[in-house]
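Participant: A single structure is presented below for examination.
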Amino acid sequence: MTSAFTVRRLLAGLRRNLALTVLLAACCTGVAIASPKTNPCELITRADASKALGVPARPGIAYSASATPNGPKIGCVYFSPVGVVRVGFQTGGRAAYDASRKNAQPGETDLSGIGDAAYFIHSSIIAIKGTFMYVVTLTFQGQGEPPSADHRLTTLAKKAASRL
């Protein structure tokens, strides 16, 4: 009876603190998440986003995967009048990255020189460095992408890898 009571009390405590639940789940399942020292808005800075977009970007908005505002931040988005830059951590680490590559579709291209491995799909680069899987997206609105969009996206993904 005592152990069942302890388990119920522990579960009640976990429900009250969703951020702790996310961290506990990541720990126990081997899922890689951002470390407390890795702020996604530091992987790609406002200056980096502005340079890639060709116009000043608004300050980055960090977001979390949980409903609590103080949960671990998994992504950052920068808006501008011409487009958006987004960087975000993905759960699953190397296993998830490898699984995503096994399901390769036409137009997905492997890239070298970005983290441990990376590939391009549409307007995003999905990369892995160590235990961190992340995605960098660069999209332009209106008149389409400039001719240098792929180069700009690659530069952003390399900067993110260098800061992990």
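The values are calculated or read from the model by the stated rules, or taken from the named source; none is laboratory data. None of the values given here were measured: they were computed from a predicted structure. Note: ideal-geometry Cβ built from the backbone for every residue, glycine included; neighbour counts use all protein chains shown.
Participant: Of T137, T154, T131, which residue is within 26 Å of I61 (Cβ to Cβ), touching a residue at least 60 places away in the same chain (Cβ under 8 Å) and among the β-branched types (V, I, T)? Write out each step before concluding.
Facilitator: On the way: T137 fails: touching a residue at least 60 places away in the same chain (Cβ under 8 Å); T154 fails: touching a residue at least 60 places away in the same chain (Cβ under 8 Å).
After applying the criteria, what remains is T131.
Participant: Residue by residue through segment 106-140, note down the ones that are surrounded by 12 or more Cβ atoms within 10 Å (Cβ to Cβ) and part of a loop (DSSP other than H, G, I, E, B).
Facilitator: Matches in segment 106-140: E108, I114, G115, D116, S123, G130, T131.
Participant: Another question about this same structure. How many residues does segment 50-99 contain that are polar (S, T, N, Q) and in a loop (DSSP other than H, G, I, E, B)?
Facilitator: The qualifying residues number 5.
Participant: Still on this structure: May I ask you to list the residues in segment 67-80 that are modelled with pLDDT under 95 and surrounded by fewer than 18 Cβ atoms within 10 Å (Cβ to Cβ)?
Facilitator: Within segment 67-80, A67, T68, P69, N70 meet the criteria.
Participant: Output yes when any residue across segment 98-118 is within 22 Å of L53 (Cβ to Cβ) and under 13 Å from the mean Cα position of the chain (by Cα), and no when none is. Please lay out each step first, then the result.
Facilitator: Step one: of segment 98-118, the residues within 22 Å of L53 (Cβ to Cβ) are 111, 114, 118.
Applying the additional criterion that residues be under 13 Å from the mean Cα position of the chain (by Cα) yields none.
No, segment 98-118 has no match at all.
Participant: Right, here's the next one. Considering only segment 141-154, state which residues are surrounded by 16 or more Cβ atoms within 10 Å (Cβ to Cβ) and either among the hydroxyl-bearing types (S, T, Y) or assigned to a loop (DSSP other than H, G, I, E, B) (or both).
Facilitator: Within segment 141-154, just T154 meets the criteria.
Participant: Now, a different point. Condition first: closer than 12 Å to S124 by Cα and not β-branched (V, I, T). Now tell me which residues in segment 143-157 satisfy that.
Facilitator: The answer is A149, D150, H151, R152, L153, L156, A157.
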